[in-house]
Amino acid sequence: MRVTNLFTKTLKQAPADEVAKNAQLLIRAGFVYKEMAGVYAYLPLGKRVLDNIIQIIREEMNSIGGNEISLTALQSSEVWKASGRWDDAVLDVWFKTKLANGSELGLAPTHEEPLTKLMKPYINSYKDLPVYPYQFQIKFRNELRSKSGLMRGREFWMKDLYSFSKDQAEHDAFYEKASEAYGRVFDRLGLGDITFKTFASGGSFAKFSHEFQTLSEVGEDIVYVHREKKIAINEEVYNDEVLAELGVKKEELEEVKAVEVGNIFTLGERFSEPLGLTYTGEDGRAKNVFMGSYGIGPSRLMGLIAEHFSDDKGLVWPENVAPYRVYLVSIGDVAEQATELYERLQSAGVTVLYDDRNERPGAKFADAELMGIPHRVVISERLLEEGVIEYTSRRASDASEKLTVEELLAKIA
């Protein structure tokens, strides 16, 4: 991509009404556009980051047998009434509307009910189980507070996977596989060291559910972390009985703020029973399907990564999620040589954002730092006379290096 082909521009200041650091940086760098509180459009650079996060999650869900699907956002009230969750007093984040004929619809805040209904034609026998459908979709929740940028939205991206198993033993085995896959996702996103599997309330389905909480000063949750065991306890279940069950002592735990970036729940027969999702077992008897739910928020993760990996100059994306790996800056009358380098980098499999604007070097450098592209490469007449280019790592504090093109390719290709 050439910067002259991007319709977006960087800004010196974020909108005055935007208080979240992640949204301020993403707006200024031209990654997102704020439609309203809690609602953001993804611009070309932001869409690439979101897609990179989604692809990492997709690969890990596929690795444990996930089948990707795409469900509808518009929901009829029928299945939600069957489960008891259509009433606003039960689920208080609904966005509801009506068709011209007066039928009431909702914009899905989650998908347990409609997917349970959808699976009925496909699950009849024990031979049809287990199955693990999942999707990436925009969810809609009427949040009272939307002041955390991408980290708490009224419209947001969610990956939700649902497991359909014959019994709890089969479910439990997959539950652990999903937990391990989540750990790999956070490792690949650069958050593994500060993300903890966290014991939380299991509600009526199980003694515990598990959240994945990333330590952050902007977090809205309080968790108690055991760094050696790499686990945490949400304050909602923090008591002596839970400590004893987990084999930890209060003095071993550290109270910290955190952001919930994922969760896994045992649902049991909570939705299969009221919606009639059954299968015929090996003994010929009808049984309720045993279910689980597994969520990760890609857009929330994008906001958290922007919040966590940034400095006073702008964003500092990890390589796995950055929109491009190299920001190529041309200075002076070097268009031919810069284009040749641009094409050579791409041929080596390196994604490049080429700043080919007729703009001051300082402005180009400032935009490179604000956008947070991991590697900056500068080509100029003076450098060409020396037979080198200038390389700088966005994440390193050391000075720029002068490298030959071959040395550069060896370093980053």
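Nothing in this text is a laboratory measurement; each read-out follows from the coordinates by a stated rule. All of these numbers come straight from a predicted model, not from anything done at the bench. No Cβ is skipped: glycine too gets one built from the backbone with ideal geometry, and neighbour counts run over all protein chains shown.
Worth pointing out:
- Computed across segment 271-375, the Kirkwood radius stands at 17.9 Å (inverse of mean 1/r, all Cα pairs).
- P(r) histogram, all alpha-carbon pairs of segment 243-292 included - 5 Å bins from 0, percent: 5, 15, 12, 12, 13, 9, 9, 10, 8, 5, 1
- Around G190: net Lys/Arg minus Asp/Glu count, Cβ-Cβ under 11 Å: -1
- Shape descriptor for segment 18-62: Rg over Rh equals 1.07 (Cα atoms; Rh from the Kirkwood inverse mean 1/r).
- Restricting the calculation to Cα atoms, every distinct pair contributes to the Kirkwood radius of segment 326-412, found to be 12.9 Å.
- Efficiency of FRET between K250 and E217 - r from beta-carbon atoms, R0 30 angstrom, step 0.05: 0.85
- Of the residues D283, D160, D87, the one that moves most in a GNM of the chain with alpha-carbon contacts below 10 Å is D283.
- Over the chain, the Kirkwood radius and the radius of gyration, each from Cα atoms, give a ratio Rg/Rh of 1.03.
- Cross-linked pairs K34/K96; K207/K250; K159/K207; K127/K230; K159/K250: Cα-Cα separations exceed 29 Å for K127/K230; K159/K250.
- Only lysines eight or more places from K411 in sequence, or on another chain, were considered; those with a Cα closer than 18 Å are K402.
- Kirkwood hydrodynamic radius of segment 1-144, Cα pairs, Å: 18.6
- Under 13 Å, Cβ to Cβ, from I389 - net charge with Lys/Arg +1 and Asp/Glu -1: -3
- Normalised by the number of residues in segment 8-311, the average gap of Cα pairs under 8 Å and 6 or more apart makes the relative contact order 20 percent.
- Gaussian network model of the chain, springs between alpha carbon atoms under 10 Å - residue of L403, L353, L189 with greatest fluctuation: L403
- When the chain is treated as a GNM with alpha-carbon contacts under 10 Å, the residue of I57, I379, I27 showing the greatest mean-square fluctuation is I379.
- Neighbour net charge for L129 - beta-carbon separation under 15 angstrom, K R +1, D E -1: -2
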